[in-house]
Amino acid sequence: MTRTFESQRGYFTFVQNSDTVDYLSLAYLQALSIKLTQRYNKYAVCVDAKTRAQLTHKHLCVFDHVLDIPGNDDAQNQSWKLANEWKAWHVTPFKETVKLDCDVLFVQNHDHWWNSFVAQEVVVSVGARDITGNISNSRAYRKLFDANSLPDAYSAYTYFRYSRTSADFFKIVRDVFENWENYKDLVLRECVDEHATTDVAYAIAAMTIGTEKTTLPTLDYPNIVHMKPKINKFPVGTSWTDNYVWSIDNTGRMIIDGRLQQYPVHLVDKNFATKELIQRYEQLLGIT
């Protein structure tokens, strides 16, 4: 295993616009939030041809790396485009990578997290927090995990370093995506998911390799604040933006319902990256 990397550390996400969701705007907002709040702030996106054609000068100024999805687009015929996620290990330009979902907003500085990550070659985020900062005890979205005693993996924030362990981890993730019918019908109990999800694939990989090698259970990070209704106890079918007052100050800190958020916020609301909010971040960063 030998590769040359552009940078030591950085953030990475896949961006594939669909007919209904502008993931490019979400990734651009994410990149802006990272540039505003983090000292380690290199940022890479991996795109399909359709999304690459939508890149503007501002995108190219903020994204440090724009990469093409290697090989075939495995998610080409899917509306929820997850099937390329296993390729992160192969395409990242960073020796140490934090792989993100593109709808995660950075609202505090977390540079010190990197110092803990080096103890492991893979660190999968386990457990989700609510807006109070507490780990949620809701299992409404985790029935498959509980039925199969899977680790409570949240792939929206995952660290990996170029290594044998991370290579093995992503080989398993690939196998789950490419052989989902076998996992669904022969391996997993009570599974009704038509397609593999990244959370489930990461959980299977983490359990197979060993959670002692793929998580940091002694630390209270990495975690995300997950803005799903049953985690934060607001009505299903509505957005958290309709239920809570929120604000972002000039340093990128976020307050939701009077509570200063201490962890990256998984927005869930795919309409959050408004033109007005993006322009505000651009002004704070001096982007014209």
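The values are calculated or read from the model by the stated rules, or taken from the named source; none is laboratory data. Quick caveat, the model's predicted, so the values are computed rather than measured. Neighbour counts run over all protein chains shown; Cβ positions are idealised from the backbone, glycine included. Note: accessible area is taken over every heavy atom of the protein model, side chains too, but ligands, DNA and RNA are not part of it. Shrake-Rupley method; radii C 1.70, N 1.55, O 1.52, S 1.80 Å.
General observations
- Pairs exceeding 18 Å between alpha-carbon atoms, taken from 58/99; 99/171; 184/270; 42/171; 171/213; 35/58: 58/99; 184/270; 42/171.
- Among beta bridges that DSSP assigns inside the range 106-233, antiparallel share in %, nearest 5: 75
- Percent carbon-and-sulfur accessible area, the chain, ignoring ligands, DNA and RNA, probe 1.4 Å: 47
- The HN-Hα couplings worked out from phi for the range 281-286 by the Karplus form 6.51 cos²θ - 1.76 cosθ + 1.60 (θ = phi - 60°) are 4, 4, 5, 5, 9, x Hz, whole numbers, x standing for Gly and Pro.
- Rg and Dmax [Cα atoms of the range 175-220; Å; Rg one decimal, Dmax integer]: 12.2, 35
- A Förster distance of 25 Å, applied to the separation of the beta-carbon atoms of residue 249 and residue 271, puts the FRET efficiency at 0.70.
- The local environment of residue 108, defined by Cβ-Cβ distances under 12 Å, has a net charge of -1 under the rule Lys, Arg +1 and Asp, Glu -1.
- In sequence order, the range 74-88 has phi-based couplings of 5, 9, 4, 9, 10, 7, 9, 8, 10, 5, 8, 4, 5, 7, 4 Hz under the Karplus curve 6.51 cos²θ - 1.76 cosθ + 1.60, θ = phi - 60°, and Gly or Pro positions carry x.
- Restricting the calculation to Cα atoms, the range 2-77 shows an Rg/Rh of 0.97 when the hydrodynamic-style radius is the Kirkwood one.
- Equivalent ellipsoid semi-axes - Cα gyration tensor, the range 210-258, angstrom: 28, 18, 7
- Taking N as its residue count, the alpha carbon Rg of the range 136-216 over 2.2 N^0.38 Å: 1.06
- Share antiparallel - DSSP beta bridges, the range 1-84, percent rounded to 5: 0
- Pairs of Cα atoms nearer than 8 Å and 6+ residues apart set the relative contact order; for the range 1-56 it is 46 percent.
- Accessible-area order (highest first, 1.4 angstrom probe) of the listed residues 28, 40, 221: 40, 221, 28
- Share of pairwise Cα separations in the range 28-71, more than 16 Å, in percent: 36
- Cα centroid of the range 13-28 to Cα centroid of the range 146-179, whole Å: 23
- Inter-centroid distance (Cα atoms) of the range 215-237 relative to the range 29-78, Å: 25
- Close amide H pairs (under 5 Å, H built 1.01 Å from N) link residue 84 with 75, residues at least 5 positions away or on another chain.
- In the chain, the DSSP beta bridges split such that about 50 percent are antiparallel, to the nearest 5.
- Look at (i) 1.02; (ii) 0.95; (iii) 1.08: the one that is Cα Rg over 2.2 N^0.38 Å derived from this structure is (ii).
- Spacing of the modelled spin labels on residue 218 and residue 233, each 7 Å from Cα toward Cβ, amounts to 3.4 nm.
- Descending principal axes extents, the range 73-126, alpha-carbon based, whole Å: 39, 25, 22
- For the range 191-287, the average shadow cast by the Cα convex hull is 9.4 nm², which is a quarter of the hull's surface.
- Sequence-distant contacts, meaning Cα pairs under 8 Å at least 6 residues apart, place the relative contact order of the chain at 23 percent.
- For the range 67-172, a crude dipole built from +1 on the beta carbon of Lys and Arg and -1 on the beta carbon of Asp and Glu, taken about the Cα centre, is about 220 debye to the nearest 20.
- q = 0.18 Å⁻¹: log10 I(q)/I(0) that the Debye formula gives for the range 7-129, counting C-alpha atoms only: -0.99
- Cα radius of gyration and Dmax for the range 123-180 (Å): 13.7, 39
- Among 191, 61, the order of accessible area from largest down is 61, 191, computed with a 1.4 Å probe on protein heavy atoms.
- Across the protein chains, with a 1.4 Å probe defining accessible surface, the residues 239, 166, 149 rank 149, 239, 166 from largest area downward.
- Annotation: per residue accessible area for the chain equals 45 Å², rounded to a whole number [probe 1.4 Å, protein chains only].
- Chain lengthening between residue 190 and residue 39 when straightened (0.36 nm per residue, less Cα-Cα): 50.0 nm
- Per-residue ellipticity at 222 nm from helix content only, as computed over the chain with -39500 (n - 2.57) for each DSSP H run of at least four residues, stands at -8000 deg cm²/dmol.
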